[in-house]
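The structure under discussion appears below in the form of C-alpha cells.
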Amino acid sequence: MHSPHRGSRPHRRRTALALSAAFVAAAPLLAACGNEAHPGAAAVVGDERITVSQLENRVNEVRDAQRDATGGGQRYAQAIAKTGGLTRETLHTMVLDRILDQAAKDAGVSVNRREIQEMRGELEGQTGGAKGLEASWLQQYAVAPERLDESLRSELLAQKLARKIGADMNTKQGQSTFWAALSRASKKLDVDLNPRYGTWDVDNSRRADIRTPWLREVSGQERSV
C-alpha cells in the first residue's frame, strides 16, 4: 500500500473520545463479559447478536481492501502483519459503536446523512479526494471503504455526545464524564463477549492500539461540527 503523502493525511484533531494512552489504561470498567453461552455469537449487545459470521465478513472486507490496495504479495503480507489482531479489534469496535449508539440515544443526540457527507467532504479535501480518504482510513484504522461512512458517523456521534453532556475531552474530568455515560449504556445493554475474543474490560475493550478513529489520542485542533 502506498503511504499517503505527508500533507494528505487528515489533520490530527481532538475528537469527542480524544483519550491519552494513560487515560485509556486508567479508565474504569465498562462492563464485564458474561458467562452465558451464545452459540454462533461473537458478542451479544442488548438484544442484538453479533454473529461470528458477521465478524468474519467485516474482517474479510478489510483484508480484501488491503489486498486491492497493495496488489498482494509481500506488501499485502506486511499489511496483514501490521493488523495481526484485526479480528479481535474489529469485534471490540463493533461493540463499542453499539454502546456509543445507546449512550447517544439516552442523551437525545443523533447524526444525519448531511452531517456525515459534510465531514467526508472536508476530509476528502485534506487527503486528495475520495480514494485518498479511503486509503488513509484503511491504513490508519483498518476501516474498509464500504464502512467509511459508518466510521465517520460514529466519530460525529461521539463529538455530539460529549458536547451534550458537557464533557470537555481536554480534561480528565471531562473524559471521566464521557466514559461514565458509556459505562451506563454498557451496563444497560449487558454486553456479553465470547471468551475466545477476550473479556469486556478496560484493557481489552479500550486499548490504545485499537485503530478506531474516535479513540484517537489528543492531538491537533478540535474540528467544529
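The values are calculated or read from the model by the stated rules, or taken from the named source; none is laboratory data. Quick caveat: nothing in here was measured; it's all calculated off a predicted structure. Every residue, glycine as well, gets a Cβ built from its backbone with ideal geometry; the counts of neighbours run over all protein chains shown.
The single condition from (1) touching a residue at least 60 places away in the same chain (Cβ under 8 Å); (2) of a type in the set (Gly, Ala, Ser); (3) assigned to a helix (DSSP H, G or I) that residue 121 fails is (1). Among residues that are buried (at least 19 other Cβ atoms within 10 Å of the Cβ), outside any helix (DSSP H, G or I), touching a helix residue (DSSP H, G or I) at 6+ places or on another chain (Cβ under 8 Å) and β-branched (Val, Ile, Thr), residue 95 is not included. Among the residues of segment 148-201, just one is hydrophobic (A, V, I, L, M, F, W, C) and in a strand (DSSP E or B), namely 193. Can you tell me which residue in segment 45-71 is surrounded by the most Cβ atoms within 10 Å (Cβ to Cβ), limited to those that are of a type in the set (A, V, I, L, M, F, W, C) and touching a Leu at 6+ places or on another chain (Cβ under 8 Å)? Among those residues, the one meeting the criterion is 45. Set side by side, the residues 135, 130 differ, and just one is in contact with a His (Cβ under 8 Å, 6 or more places away or on another chain) and either surrounded by 14 or more Cβ atoms within 10 Å (Cβ to Cβ) or closer than 23 Å to residue 83 by Cβ (or both), which is 135.
Limited to segment 130-147, what total is found for residues that are of a type in the set (Gly, Ala, Ser) and part of a helix (DSSP H, G or I)? So the count comes out to 4. One residue stands out in segment 143-170 among those that are farther than 28 Å from residue 86 by Cα and among the small types (Gly, Ala, Ser): the one that is surrounded by the most Cβ atoms within 10 Å (Cβ to Cβ), namely 167.
The one condition from (1) at pLDDT below 95; (2) within 16 Å of residue 159 (Cβ to Cβ) that residue 74 does not meet is (2). Each residue in segment 106-118 was checked for being of a type in the set (Ser, Thr, Tyr) and in a helix (DSSP H, G or I), and 0 pass.
Within segment 39-81, the only residue that satisfies the criterion of being assigned to a helix (DSSP H, G or I) and on the phi > 0 side of the Ramachandran plot is 73. Considering (1) at pLDDT 95 or above; (2) over 22 Å from residue 185 (Cα atoms), the lone condition that residue 139 does not fulfil carries the number (1).
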